[in-house]
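The structure under discussion appears below in the form of structure tokens.
No value in this document is a laboratory result; all are computed from the given coordinates. As the structure is a computational prediction, the values presented were derived from the model and not from experiment. No Cβ is skipped: glycine too gets one built from the backbone with ideal geometry, and neighbour counts run over all protein chains shown.
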4 protein chains.
Amino acid sequence: MKTMNLAGIYPPIVTPFLKDDVAHHYLAENVEKLSKSGIKGLIVLGSNGENVYLSEEEKIDVVKTTIQSASKNMLIIVGSGCESTRETIYLTNRMAKMGAHAALIVTPFYYGSKMNDEALIKYYSTVADQVEIPILLYNVPNFTGINLSVEALSALSKHPNIIGIKDSSGNVNQLGQYLNQVNPDFNVLVGTAGALFAALILGCKGGILALANILPKKCVEIFQLIQDDKIKEARELQLRMIPVNHAITAKYGISGLKYAMNLLGYKGGEVRSPLLATKYEEQEKIKEILMGAGIEIT
Amino acid sequence: MKTMNLAGIYPPIVTPFLKDDVAHHYLAENVEKLSKSGIKGLIVLGSNGENVYLSEEEKIDVVKTTIQSASKNMLIIVGSGCESTRETIYLTNRMAKMGAHAALIVTPFYYGSKMNDEALIKYYSTVADQVEIPILLYNVPNFTGINLSVEALSALSKHPNIIGIKDSSGNVNQLGQYLNQVNPDFNVLVGTAGALFAALILGCKGGILALANILPKKCVEIFQLIQDDKIKEARELQLRMIPVNHAITAKYGISGLKYAMNLLGYKGGEVRSPLLATKYEEQEKIKEILMGAGIEIT
Amino acid sequence: MKTMNLAGIYPPIVTPFLKDDVAHHYLAENVEKLSKSGIKGLIVLGSNGENVYLSEEEKIDVVKTTIQSASKNMLIIVGSGCESTRETIYLTNRMAKMGAHAALIVTPFYYGSKMNDEALIKYYSTVADQVEIPILLYNVPNFTGINLSVEALSALSKHPNIIGIKDSSGNVNQLGQYLNQVNPDFNVLVGTAGALFAALILGCKGGILALANILPKKCVEIFQLIQDDKIKEARELQLRMIPVNHAITAKYGISGLKYAMNLLGYKGGEVRSPLLATKYEEQEKIKEILMGAGIEIT
Amino acid sequence: MKTMNLAGIYPPIVTPFLKDDVAHHYLAENVEKLSKSGIKGLIVLGSNGENVYLSEEEKIDVVKTTIQSASKNMLIIVGSGCESTRETIYLTNRMAKMGAHAALIVTPFYYGSKMNDEALIKYYSTVADQVEIPILLYNVPNFTGINLSVEALSALSKHPNIIGIKDSSGNVNQLGQYLNQVNPDFNVLVGTAGALFAALILGCKGGILALANILPKKCVEIFQLIQDDKIKEARELQLRMIPVNHAITAKYGISGLKYAMNLLGYKGGEVRSPLLATKYEEQEKIKEILMGAGIEIT
């Protein structure tokens, strides 16, 4: 199983809502369009997919639409992590049967002080043993308050059904420590576009990037320039993308990302409550940032 | 609706598991026994109930067993908060129909940096408008990373269907600020037994206390002593309870609490994975702490 | 030495500046006036004294003026803690020779991750061994990022030259744990007026309170009411003081405190850079908060 | 003034102690040896120099010994930041007169919640206006709890006497945002060896690295390989250095660094209390980590 090579760029796709329901035609349209942009695959039901706001059946339906709408060459990776071991296994296997190729499993975190190395190693090992598709670990301290230690990653990377990690810590020092601990075929993916260039140069295989929802070709271009040893061009493009990425992640969040999608030919739809829609001033600021980076607004 | 007076002590009851399934006979036995201890009511599906590890149907069944096993005079308050507004409303109303008297709704927190005052006020107002039972806010920064501001509480306390708050911050300064902002009939409950005495003296109406799962009579005694102006006796008992409370919350967590329940005639059962069972040394330490506080082990 | 009883109220006095120099006549005037307000003593060179902005010679001069201006019955406690053990000992002894009665020694914190129990116990023990006046520990996580553990306090409280602790964590649960660990004559003082009432009821000996710089008599009144078992009156006064205390500490900081001093007949003087002076809107808000608490502005 | 180009590698040198006094002969020996290793200059009195444990006169003496012992081509940058604006200016100018070429000024942080953009911009502008040598900002959230915002850096980078920044956040995303905001001749230096390779590739001018106290030639080699576009070799060396760097910074701290210096032909001397000396097991672990990275121990 360990031979799955995830090298490339992945958007963690959004879940567009209309009147508080999943807008499946919007979702389908986005997936079709993204499939043609040079990306390697799609992450469904990640943090940007408002995963925590979806019921189990909605999650299943979102995965179904995504698989149906994606090109056949797209890798479909599902965010099937839940707080409990048993629910994570159940949901992952349900999605495996639907055709998902791999699962991205967030660190459980509600009882944060108890989620030590021992608990996390046991959790991920048990899940990996019992699911029918390979899994990736998902380290996202900003959302979870949990940071997966280098020691835990080192132990887990040896499991035959754990094929990689998405790290969204933005900590390039820790990325280096991770890379030092794993075999060359283990897929270390960076989870924030602001660190993409540095991470790839350092040896990461690719990136799962909110930015790839609106500018997939730019992300793929950074990836390709580095493959082609065009370091200066890659850096220049990375630096130009940083303010855009900041706007649609840390600063304006998912509603900012969805608004930017609308500006760039995708269908963002609405966010689900309690997330708030972008305000007018935020929209103007997002436009300004996009134009400042030389992005043409449709 | 505002006339519901919640003054008293409430255990946030645990969900006992056996072989990873809910052990309903254990749950029933605990509820029956607790009902006779002088408490005012029960919190079902709080953090100590491993709420985040239960499927929707399991939650429903846990509420059902609790309601069936509790004395008729017990107030049943359900932890029906979910991340999305719509699911919170749906689940709360489902439980209202089953006979729950009120709901304790945790601050949504996954997109923590976006859960500002505006978002939280809108969330709670919408929920309160659309559910059929009164609600209490639940502020638990240790688990959620979110602290409900004094300003947000002040605004929300005016809603006719928001009847109180459980505050587990342990910050007595903030409790005072909360108390300053609300009407005398608004139910400010403290969420940690270590602060019970101070909170009650300051004007809180009662407490929702993990400790009340193992020593409900001691908690009720502190409450009653303060009603009777026996301050010194209340303080002495509070100080004696502090190490016990620390052991079964911050230090050894839910598995420590369940082990202590077994020692004291209740049925803790197992925790659900990824929580880990107590280790032998932890069990010995818990025994020692209980005996140090003069608690007789059965 | 252990017989020093610190029961009572202490203002951690400010250092008034004029044109960036210490305004000793202002300082003297404040100290004289405070000495007549019923307080037990004065803290010189605490956090509110802008201790970290003073050179060694300025510190010495501030202590000198304070001792000269205070009534003979005032206990003078100096904030002589530095980052290094040797400088702390040196400065404490220099101030002891000037007539200081005790020293309040903050936890060293720059190398925070290395300031574990072992390091802190060794630090305080060494200092206590080598200084000529008794010392109090000073736990102020908000400023230092360090929280003195219950275990460390327990060990240190047995040292014959360590007579107490000022705890500014505001965590009443931890205060209870501290109280459980120490002998009855060990002076546990609370460091935030927002927790004064609760802390005293719980068994603390007194308080070191920024609020006592502007409203010493109100603080002393809370203290006295509790001595006299007038709990309801004490609580009512505590709740009324909370917004004032919040304004001159967390919200507007030392410049807010100094502005409030000016309004209430004291001489706040200026803050030293990089602290910023209060802005006009902040001044108006402070006035409003004082008046809202029924405080008469001179 | 803006023309000073700081491109290169700098060790933030340690202050060796013997029996609690500065061991100037050790210091001199280290500086002489480091001067021959290809580095661009030396940082005196940084965090690794136990700056906060030195009296003013000791600081002066350490700078004197360093300047006297360094090769003439070494840039001498002094850590002259204090909490107050006036003391920072005074100390910087005193060191300027001694021959320091530039000053590295840490963000003041004791009153952290008040050190907002406005306060920090005013602080640094005032200092830069009044000192006789150019200054660099120093952003080190791990020690200070303060993170210099992109907006503040953008404003400050325009000041003619502010020539750079040392960023120790390890956040490559933020480094990119910084680089986007400044002129090409502004010196953005990375403050942690674990991020050196990524930072240089991204456009940083150099690094101020604890690791350069023990392995200056390795650090210079990474720097040079990148200049020569030998990306793969640079990466390989970076990854090999990461565990060593981790050991002598986050994991074992300054006492670990000093022990490693002893192993590698430098004179670490003792740490000053309250820092604790390395324990035997820590020493064995450090040896093991060095050998694991292929470093020969003398």
Calculated P(r) of region B:92-205 - Cα pairs past 19 Å, % | 43
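Where does chain A land at 222 nm, in deg cm²/dmol rounded to the nearest 500, when only DSSP H runs of n ≥ 4 count, each adding -39500 (n - 2.57), divided by all residues? Don't skip to the answer; put the middle values down first.
Values: 12 runs with 134 residues, N = 298.
That calculation yields -13500 deg cm²/dmol at 222 nm.
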In the Gaussian network model of chain B, springs joining C-alpha atoms below 10 Å, which of B:Leu27, B:Leu200, B:Leu276 carries the largest mean-square fluctuation?
-> B:Leu276
Over region B:42-86, relative contact order from alpha-carbon pairs under 8 Å, at least 6 apart, % | 59
Nm distances between copies for B:Lys72, ranked from closest, using label points 7 Å along Cα→Cβ | 6.9, 7.5, 10.2
Inter-probe distance in nm under a simple model that places probes 7 Å from Cα toward Cβ, at D:Ser149 and A:Arg94 | 4.4
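Checking a compactness column here: for region A:222-273, what do you get for Rg(Cα) / (2.2 N^0.38 Å), N being the number of residues? Show your work: numbers first, answer last.
Details: Rg = 14.2 Å, N = 52, 2.2 N^0.38 = 9.9 Å.
Normalised Rg, Cα atoms only: 1.44.
Could you tell me whether region C:35-96 comes out rounded, prolate or oblate from its Cα gyration tensor? Rule is a ≥ b ≥ c as square roots of the eigenvalues, rounded for a/c under 1.5, then prolate if a/b exceeds b/c, otherwise oblate. Intermediate values should be presented prior to the final figure.
Numbers: a/c = 2.04, a/b = 1.89, b/c = 1.08.
Prolate, because a/c is 1.5 or more and a/b exceeds b/c.
Other chains near D:165-178: what is the mean number of their Cβ atoms within 10 Å of each residue's Cβ? Don't skip to the end; give the middle numbers.
Working: counts 0, 0, 0, 0, 2, 6, 7, 14, 14, 5, 5, 14, 6, 1.
Mean partner-chain Cβ count within 10 Å for D:165-178: 5.
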Rotation relating A and B, chain B residue nearest the axis via C-beta, angstrom | B:Gly145, 3
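Using the Kirkwood radius over C-alpha pairs as Rh, can you work out the diffusion coefficient of region B:256-298 via Stokes-Einstein at 4 °C, viscosity 1.567 mPa s, in µm² per second?
Numbers: Rh = 10.8 Å.
So the translational diffusion coefficient is about 120 µm²/s.
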Residues with beta-carbon under 12 Å from that of B:Val63, excluding B:Val63: net charge, scoring Lys, Arg +1 and Asp, Glu -1?
-> 0
Under a 10 Å cutoff between Cα atoms, tell me which one of A:Lys285, A:Lys232, A:Lys59 has the largest fluctuation in the Gaussian network model of chain A.
-> A:Lys232
Full-extension gain in nm, C:Ser113 to C:Glu233, via 0.36 nm per residue minus C-alpha separation = 38.8 nm
Checked the protein assembly as shown against the a/c 1.5 cut and the a/b vs b/c comparison, axes a ≥ b ≥ c from its Cα gyration tensor; verdict oblate
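Would you tally the net charge around D:Asp229, using a Cβ to Cβ cut-off of less than 15 Å, leaving D:Asp229 out, and scoring K and R as +1, D and E as -1? Display every interim value, and only then the final one.
Details: positive: A:Lys230, A:Lys232, A:Arg235, D:Lys230, D:Lys232, D:Arg235; negative: A:Asp228, A:Asp229, A:Glu233, D:Glu221, D:Asp228, D:Glu233, D:Glu236.
With Lys, Arg at +1 and Asp, Glu at -1, the neighbours total -1.
What is the average number of partner chain Cβ atoms found within 10 Å of a Cβ in C:273-285? Don't skip to the answer; put the middle values down first.
Numbers: counts 11, 19, 10, 7, 0, 0, 1, 0, 0, 0, 0, 0, 0.
What the average comes to for C:273-285 is 4.
Quick check for me: using +1 on Lys/Arg Cβ and -1 on Asp/Glu Cβ, what's the dipole size of the protein assembly as shown about its Cα centre, in debye to the nearest 20?
Numbers: 116 positive and 116 negative charges, 1 e Å.
Computed about the Cα centre, the dipole is about 0 debye.
How large is Rg/Rh for region D:67-139, to two decimals, with Cα atoms and a Kirkwood Rh? Display every interim value, and only then the final one.
Numbers: Rg = 12.9 Å, Rh = 12.6 Å.
We get a ratio of 1.02 for region D:67-139.
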Can you give the three extents of the C-alpha atoms in chain B along their principal axes, from longest to shortest, in whole Å?
-> 48, 45, 39
What FRET efficiency comes out for the pair D:Ser125/A:Ser71, r = Cβ-Cβ distance, R0 = 45 Å, nearest 0.05?
-> 0.25
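Apply the a/c threshold of 1.5 to the C-alpha gyration tensor of region A:178-232 and tell me whether it is rounded, prolate or oblate. Intermediate results must be reported in sequence, preceding the final value.
On the way: a/c = 2.26, a/b = 1.40, b/c = 1.61.
Because a/c hits 1.5 or more and a/b fails to exceed b/c, region A:178-232 counts as oblate.
Would you mind ranking C:Cys204, D:Cys219 so that the residue whose beta carbon has the fewest other beta carbons within 10 Å leads the list? Mind showing how you got there, number by number?
Details: C:Cys204 25, D:Cys219 30.
Fewest-to-most Cβ neighbours within 10 Å comes out as C:Cys204, D:Cys219.
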To the nearest 0.05, the calculated FRET efficiency linking B:Arg240 and D:Glu281 through their beta-carbon distance, R0 being 45 Å, is 0.70
Please report the relative contact order for region B:1-117, taking Cα pairs under 8 Å with a sequence separation of at least 6, and give it as a percent rounded to a whole number.
-> 23
When the charge dipole of chain B is computed with +1 at the Cβ of Lys and Arg and -1 at the Cβ of Asp and Glu, the Cα pointing farthest to the positive end, of B:Val127, B:Leu34, B:Leu153, is that of B:Leu34
Distances in nm between the label point of B:Lys122 (7 Å along Cα→Cβ) and its equivalents in the other copies, shortest first, are 3.5, 4.2, 5.4
Got the B:Gly99 label distances to the other copies yet, label 7 Å along Cα→Cβ, in nm, shortest first?
-> 4.7, 7.5, 8.9
If each part is reduced to its alpha-carbon centroid, region D:81-152 and region A:76-148 end up apart, in Å, by 45
Mean separation of Cα contacts under 8 Å (6+ apart) over length of chain D, as relative contact order % = 19
Using the number of other C-beta atoms within 10 angstrom as an exposure proxy, rank D:Ser154, C:Ser35 with the fewest first.
-> D:Ser154, C:Ser35
Compare D:Ala193, D:Ala277, D:Ala102 in a GNM of chain D, Cα atoms joined below 10 Å, and give the one with the largest fluctuation.
-> D:Ala277
So what's the gap between the Cα centers of region D:161-212 and region A:191-239, to the nearest angstrom?
-> 19
